[in-house]
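Read the structure below first, then the notes.
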């Protein structure tokens, strides 16, 4: 007898081996139709299997349907195979390579003699629909590695053969077939193509084989798949909104910045964009001052011997920009931490001096591949709101509690209240004793509990030198942006000789907490632009108000109003152009200016201003003092 334990705790017994599909059918016809796969086992030992998988021993089993997160991933993975099937049907000479799932969808890379066109994508998507409607069975078979290599070579699928040749010779490989198409895959997959109903192909991009620019450039077809028509439409609508909010588009329209081929991956900030930058930086500088950080500034170029000591030269060399002078090798710093230790090392430190908190708006450079660059979100030159806390082991908990609370306040001021917390714990290969790791991991978790922050555990994802918390923002469109982090480091202070004198006059290495709230300022400003669709809060807006005259008769009064507000520290623009007032208002509205101050003859005589707010709100006529108070309140409250 085979005993199957279901998620509700009930058990079902079968006289002999039974498939997942048969278990589902025995529970009910509805579940049998909905079954996409099975989850065999429990906890970390659980694994996903096809509905055709035969269970030959007692085990826990969960039937996976489209309602499960795993179910959606299986649908997307299976749709990637359907894409490859359709491409082979329409373009038999194309070679298939790899096709994984990604966030919100999937892609598949192809080698073909010419670029795919938009018309090709339409034809492929149509063919996918036709193949799905055939409801062809998806079948798994296992084949010895060498036999699988020979099989794919016989089909002219040399990329697949190369992938399989990288697998040890004594291993079998699993293949999945649907209709006339067979692909290499671990699975699991949906039981038949009829389960794939709601999908769309999105775009084609270039991608190098195995991610190496020295290899052939392939064509990467991106697609998305969902469990319902409604979910697919919601996603497409969200993409349309994301396109409207694209920081690159808004950066041009609002004249904030540009990227130039003369300096790929580095930002040219225009006056308005630099004003936003300064508003962000000065705010963070005040955060430093209010929370016990001493601001420092390290050099851009540092001798390679320092990077050798930290281990970066061996592990990160290809991503570093290097130069040479007088027979010495240097690197542009890719991060600020080693420089902060060199600053810490100047002079003797006592346990009474700790914690020492150093902060820097440190400009870093990383040699990112050209294909990975993305506006100001992914660049080669960037500035971090970087900080490092040197403390004792006993101080880790309080420092982490204080940092999480601080981060939450900063994010709220920028308009983000939905934060996802993840604690990455010790990997298998690590330095430091289990006792120290216990203390560090506990401190990170307790700091989140102390701030009422629910978190998940990413087991084994910590660095070899310490665990960390990752803080991820959720924006207005539901997208996730991992920005903040605090990471415990037992290694670098020791490598670079950082010490403090203990209460018993011994020498000991401090613990180093790497922490950032915004991360890259460039990236964070890009996120802000997209979060607010370019309509930044008053305190961040490059122009906070514009003063507009109706005719030349009010020019002097308009200039006086603008000058008064500017003396109050407001970013005010004066527009005295000989244009219709409706035209001027419309033009500045496109620039997302928060307030429009209109002055006509009546306002000039009464010493008042007519105020409009962004979004076509008429706030009426008021005294200049009242307007000053209102905008000051907006700025103070970060509204």
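The values are calculated or read from the model by the stated rules, or taken from the named source; none is laboratory data. In this text the structure is predicted, and so the values were computed from the model without any measurement. Neighbour counts run over all protein chains shown; Cβ positions are idealised from the backbone, glycine included.
State whether the residues of the stretch 247-258 include one that is in contact with a helix residue (DSSP H, G or I) (Cβ under 9 Å, 6 or more places away or on another chain), modelled with pLDDT under 95 and not in a loop (DSSP other than H, G, I, E, B).
In the first step, residues of the stretch 247-258 are kept if they are in contact with a helix residue (DSSP H, G or I) (Cβ under 9 Å, 6 or more places away or on another chain); the result is 247-251, 253-258.
Next, only the ones that are modelled with pLDDT under 95 stay: none.
For the stretch 247-258, residues in contact with a helix residue (DSSP H, G or I) (Cβ under 9 Å, 6 or more places away or on another chain), modelled with pLDDT under 95 and not in a loop (DSSP other than H, G, I, E, B): absent.
For the stretch 58-114, name all the residues that are within 20 Å of residue 47 (Cβ to Cβ), touching a helix residue (DSSP H, G or I) at 6+ places or on another chain (Cβ under 8 Å) and in a helix (DSSP H, G or I).
Those that are within 20 Å of residue 47 (Cβ to Cβ), touching a helix residue (DSSP H, G or I) at 6+ places or on another chain (Cβ under 8 Å) and in a helix (DSSP H, G or I): 75, 78.
Of everything in the stretch 603-619, what is exposed (fewer than 12 other Cβ atoms within 10 Å of the Cβ) and closer than 16 Å to residue 581 by Cβ? Give them in sequence order.
Passing the criteria: 616, 618.
Just one of (1) within 30 Å of residue 612 (Cα to Cα); (2) loosely packed, with under 15 Cβ neighbours inside 10 Å; (3) within 27 Å of the chain's Cα centre (by Cα) trips up residue 460, so point out which.
(1)
Please find, within the stretch 194-212, the residue that is surrounded by the fewest Cβ atoms within 10 Å (Cβ to Cβ) out of those that are in contact with a strand residue (DSSP E or B) (Cβ under 8 Å, 6 or more places away or on another chain) and not in a strand (DSSP E or B). Break it down stepwise before answering.
Applying the first criterion (in contact with a strand residue (DSSP E or B) (Cβ under 8 Å, 6 or more places away or on another chain)) to the stretch 194-212 yields 196, 198-209.
When the remaining residues are screened for being not in a strand (DSSP E or B), the result is 196, 209.
On the way: 196: 25, 209: 17.
The qualifying residue surrounded by the fewest Cβ atoms within 10 Å (Cβ to Cβ) is 209.
Within the stretch 64-74, is even one residue over 30 Å from residue 479 (Cα atoms) and either free of Cβ contacts under 8 Å to residues at least 24 places away in the same chain or crowded, with 18+ Cβ neighbours inside 10 Å (or both)? Spell out how you get there, then give the answer.
Start the filter on the stretch 64-74 by keeping residues that are over 30 Å from residue 479 (Cα atoms), which leaves none.
Looking through the stretch 64-74, none of the residues is over 30 Å from residue 479 (Cα atoms) and either free of Cβ contacts under 8 Å to residues at least 24 places away in the same chain or crowded, with 18+ Cβ neighbours inside 10 Å (or both).
Per-residue answers, yes or no, for (1) under 30 Å from residue 396 (Cα atoms); (2) touching a helix residue (DSSP H, G or I) at 6+ places or on another chain (Cβ under 9 Å); (3) outside any strand (DSSP E or B):
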| position | (1), (2), (3) |
| --- | --- |
| 516 | yes, no, no |
| 534 | no, yes, yes |
| 547 | no, yes, no |
| 556 | no, yes, yes |
| 593 | no, no, yes |
| 603 | no, yes, yes |
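From the list 51, 59, 79, which one is surrounded by fewer than 18 Cβ atoms within 10 Å (Cβ to Cβ) and touching a strand residue (DSSP E or B) at 6+ places or on another chain (Cβ under 7 Å)?
Working: 51 fails: surrounded by fewer than 18 Cβ atoms within 10 Å (Cβ to Cβ); 79 fails: surrounded by fewer than 18 Cβ atoms within 10 Å (Cβ to Cβ).
So the residue among 51, 59, 79 that is surrounded by fewer than 18 Cβ atoms within 10 Å (Cβ to Cβ) and touching a strand residue (DSSP E or B) at 6+ places or on another chain (Cβ under 7 Å) is 59.
So, of the residues in the stretch 156-186 that are without any contact (Cβ under 8 Å) to a residue 24 or more places away in the chain and part of a loop (DSSP other than H, G, I, E, B), which turns out to be farthest from residue 224 (Cα to Cα)?
Ranking the qualifying residues of the stretch 156-186, first place goes to 168.
Look through the stretch 213-240, keep the residues that are in a helix (DSSP H, G or I) and in contact (Cβ under 8 Å) with a residue 60 or more places away in the chain, and return whichever of them is nearest to residue 101 (Cα to Cα).
Step one: of the stretch 213-240, the residues in a helix (DSSP H, G or I) are 229-240.
Checking which are in contact (Cβ under 8 Å) with a residue 60 or more places away in the chain leaves us with 235, 238.
Numbers: 235: 16, 238: 19 Å.
The residue in question is 235.
Of the residues that sit in the stretch 486-514 and are in a loop (DSSP other than H, G, I, E, B) and within 30 Å of residue 379 (Cβ to Cβ), which one is modelled with the highest pLDDT?
Across the stretch 486-514, the extreme among qualifying residues is 496.
Against the conditions (1) buried (at least 16 other Cβ atoms within 10 Å of the Cβ); (2) over 16 Å from residue 82 (Cα atoms); (3) in contact with a strand residue (DSSP E or B) (Cβ under 7 Å, 6 or more places away or on another chain), where does residue 191 fall short? Just the number, please.
The number of the failed condition is (2).
Return the pair list, or none, for Cβ contacts closer than 8 Å from residues in the stretch 303-317 that are closer than 19 Å to residue 498 by Cβ to residues that are at pLDDT below 85 and surrounded by fewer than 16 Cβ atoms within 10 Å (Cβ to Cβ), at least 6 apart or on different chains.
Between residues of the stretch 303-317 that are closer than 19 Å to residue 498 by Cβ and residues that are at pLDDT below 85 and surrounded by fewer than 16 Cβ atoms within 10 Å (Cβ to Cβ), the close pairs are 308/314.
Which residues, taken from the stretch 260-276, are within 23 Å of residue 372 (Cβ to Cβ) and buried (at least 16 other Cβ atoms within 10 Å of the Cβ)?
As a first pass, look at the stretch 260-276 and keep what is within 23 Å of residue 372 (Cβ to Cβ): 260-269, 273.
Selection gives 265, 266, 267, 269, 273.
On the basis of being crowded, with 17+ Cβ neighbours inside 10 Å, at negative phi and touching a helix residue (DSSP H, G or I) at 6+ places or on another chain (Cβ under 9 Å), does residue 388 make the cut?
Values: crowded, with 17+ Cβ neighbours inside 10 Å: yes; at negative phi: yes; touching a helix residue (DSSP H, G or I) at 6+ places or on another chain (Cβ under 9 Å): yes.
Yes.
Quick check on residue 294: is it in a strand (DSSP E or B) and either surrounded by fewer than 13 Cβ atoms within 10 Å (Cβ to Cβ) or more than 27 Å from the chain's Cα centre (by Cα) (or both)?
On the way: in a strand (DSSP E or B): yes; either surrounded by fewer than 13 Cβ atoms within 10 Å (Cβ to Cβ) or more than 27 Å from the chain's Cα centre (by Cα) (or both): yes.
Criteria met by residue 294.
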